Amino acid sequence: PAPPPASPPSPPPPPGDEEAEPAEDYAPGGYHPVALGDVYDERYEVQHKLGWGVYSTVWCCRDRRSRRRVALKIQKAAPEYTASAVTEIEILTHIRRRAREARRASHVVELLEHFYVAGPHGNHVCMVFELLGRTLLHEIQDRGALEVSETKRCAACLLECLAFVHDEVGVLHTDVKPENVLLAGPAPVGRVKLVDLGTAFYVGRQGARDIQTREYRCPEGVLGLWPFGPAADVWSVGCLVFELLTGETLFDPQSPRPGEPFSKDESHLAQAVELLGPVPAELVRRSPRAARWFRGDGSALRNIAIAPPPPGVDAIARVLEENFAFARRDARDAADFLRALLRYEPDARVSARRALDLPWLADGGDLVL
């Protein structure tokens, strides 16, 4: 028989600061110790580390049967991490089944198989995934801002993915960020896949009251307006697109120094007010956390004096133009797109499906997914 097609080159190991997960987490219930050359499930030979997270470590392996390279994710052993892995497997299996039924691409990483491994720290769920390319975070770290055309292709692919996952599967990802979006094709950057569904959940079956990585957290997440809906992921896409366009995060809340009265959440809200205007009174009224950060009438933050943009001023466009040398028309067009994804009210925020029809993406030329 003909040999299988060659695997694409495996991505390089991540930078050194990402290769050292906390040593104290190699303990009962924690990480499984892995050595280069180890073989799992009698077929997956470990070649090098791809990365690690709070829940797991991820390794590039050679599949001795197919001679392809794959990504092996080994979950921590504690019950809460096992439960998360079981949910991730259930959701990924559902996504794959629905994509096949619909005869379309999901743009979600493909789960190839899963199994358990027993180790000195417990029983660990192992998941085998297709091997993808670099993360968007690595692209940003190496290049700074991406080309606008590349950003549009990434945005379109990611929104197409979320439109399918939200509308056809009924799942929220809840951790959309550059680390969790991987290249799925050659340069120029464009075709991407969403990975790490370890904190994903079905709409109506969510338990987590705190979601998303700080820089990509939606207002309803900060304000504690649980339960959350698909609009939470859309907000994260808006933050991510700004980062691809500029090489810098849209929101970077600061931790207070000793003696400062504000919290990181209030800093986050202040940055949002500076760009997007005041938080709507109805959201403040409904928030169980409002008293921590807002004055009695909800019109201003308690500990940070911040002025919203003057009437008629598009603060996002101004930032793009003044800080990142965008032409005025280009800044306004991009800002119009971003504002649709960054509405405070979840119900007013554009859906992933409708975002695909916004003019900024429609002007992107060939956005083949």
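What follows draws every value from the coordinates through simple rules; no lab data is involved. These figures come from a predicted structure and were not determined experimentally. Cβ sites come from the backbone with ideal geometry, for glycine too, and all protein chains shown count toward neighbours.
Per-structure values
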item: Listed residues E215, E160, E24, most fluctuating in the chain (Gaussian network, C-alpha, under 10 Å); result: E24
item: In region 300-367, trypsin sites (Lys or Arg not before Pro) in a DSSP loop with at most 16 other beta-carbon atoms within 10 Å; result: R302
item: The chain - mean residue ellipticity at 222 nm from DSSP helices (-39,500 (n - 2.57) per run, n ≥ 4, rounded to 500); result: -10000 deg cm²/dmol
item: Gain in span if fully extended, R100 to F115, counting 0.36 nm per residue against the direct Cα distance; result: 3.1 nm
item: Low-density loop cleavage sites - trypsin sites (Lys or Arg not before Pro) in region 172-216, where at most 16 other Cβ are within 10 Å (DSSP); result: R205, R209
item: Long-range amide H partners of F201 with built H, under 5 Å; result: L172
item: Lysine pairs with alpha-carbon atoms under 25 Å apart, the chain, spacing 8 or more or separate chains; result: 12
item: Ordering of 232-240, 288-296 by packing [mean C-beta count within 10 Å, highest first]; result: 232-240, 288-296
item: Overall form of region 136-362 per C-alpha gyration tensor (a/c, 1.5; a/b vs b/c); result: oblate
item: The chain - percent relative contact order, Cα under 8 Å, separation 6 or more; result: 13 percent
item: At most 13 other Cβ within 10 Å, DSSP loop - trypsin sites (Lys or Arg not before Pro), region 80-131; result: R103, R104
